[in-house]
Amino acid sequence: MKVDTLLLGPMLNCTYIIENRGLAVLIDPSWDMPAIYKFLEDKNLKPAAVFFTHAHQDHLTDAEALLIKYNLKGYLEERDEPLCSLPKVLVELYKAPKIFEIAGLKIEIISTPGHTKGSVCIRIGNVLFTGDTLFVNSVGRTDLPGANPGSLIKSLKILTSLPRETIVYTGHSYGGKDGFKTTIDGQLSSNPYLKLAKNNPKLLEDML
């Protein structure tokens with residue numbers, strides 16, 4: 001398994017392409033479909049599945065074209081259906097937590113509401129894709145429709161229980177071009193939100 005990262009769009013959204021056995025699982029493909037097509041073609045990868053960590057528009061901008069081109073549906077947690085702008089025929093709803101077996105990979109969906117009702121983190125082996133639930137030294141906004149600070153704190157608490165060596169890939173590269181990759185251990189050391197979720201969730205309530 002290999003993880004490739006494309007930083008696309010004005011907010012440095014991360015499109016992740018997980019390679020395995022000549023197949024590709026895409027997470028949050030958005031903004032620049034030609035760049036994604038070129039990457040897949042250059043590496044001779046066949047898309048096998050598309051997952052969205054949540055349904056905010058910046059994580060699925062122009063993804064409709066990709067889904068049609070490769071005859072795929074985008075997997076989305078059912079509680080985010082009201083936010084989703086994609087045609088319903090291109091979306092496969094599911095209820096988290098859930099495990100998928102695709103492209104020779106075990107894809108574990110962890111329910112992590114807070115940023116949106118249907119936000120999820122996607123775990124493949126020792127790699128975790130957090131969408132907008134957890135960033136490098138920060139967390140997702142809770143002042144948007146459907147967001148809930150209390151739910152986010154509970155979700156962060158779940159993440160603190162993962163193995164500390166877990167590699168984390170976030171939904172945006174905030175803080176620079178390499179600001180999308182970290183570990184649970186690193187964030188327990190440097191991310192005040194994650195530290196408080198583990199040690200003092202009551203105090204965190206006042207910060208979100």
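At a glance:
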{"read-out": "Flagged links, alpha-carbon separation over 29 Å, of 43/157; 43/154; 73/181; 117/202; 38/98", "value": "43/157; 43/154; 38/98"}
{"read-out": "Packing-based exposure ordering (other Cβ within 10 Å, fewest first) of 172, 56", "value": "172, 56"}
{"read-out": "Normalised contact order of the chain, rounded percent, pairs of Cα under 8 Å and 6 or more residues apart", "value": "15 percent"}
{"read-out": "Potential lengthening between residue 39 and residue 167 on full extension [0.36 nm per residue; Cα-Cα distance subtracted]", "value": "43.8 nm"}
{"read-out": "Length-normalised contact order of the stretch 91-180 in % [C-alpha pairs under 8 Å, at least 6 apart]", "value": "25 percent"}
{"read-out": "Which labelled figure in [x] 23.1, 82; [y] 19.3, 73; [z] 16.0, 50 is Rg and Dmax of the Cα atoms in Å, once derived from the coordinates", "value": "[z]"}
{"read-out": "Segments 72-81, 33-42, 111-120 sorted - mean Cβ within 10 Å per residue, highest first", "value": "111-120, 72-81, 33-42"}
{"read-out": "Charge sum, other residues only, whose C-beta stays under 11 Å from residue 204's C-beta, Lys/Arg counted +1 and Asp/Glu -1", "value": "+3"}
{"read-out": "Added length on full extension, which subtracts the Cα-Cα distance from 0.36 nm per residue, residue 158 to residue 95", "value": "20.9 nm"}
{"read-out": "Karplus 3J(HN,Hα) series, Hz, for the stretch 84-96 with 6.51 cos²θ - 1.76 cosθ + 1.60 (x for Gly, Pro)", "value": "7, 8, 6, x, 4, 5, 9, 10, 10, 7, 8, 10, 7"}
{"read-out": "15 Å beta-carbon shell around residue 114, net charge (K/R +1, D/E -1)", "value": "0"}
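Each reported figure results from applying straightforward, stated rules to the coordinates on display, with no laboratory input. In this text the structure is predicted, and so the values were computed from the model without any measurement. Reconstructed Cβ throughout: ideal geometry from the backbone, glycine too, with neighbour counts over all protein chains shown.
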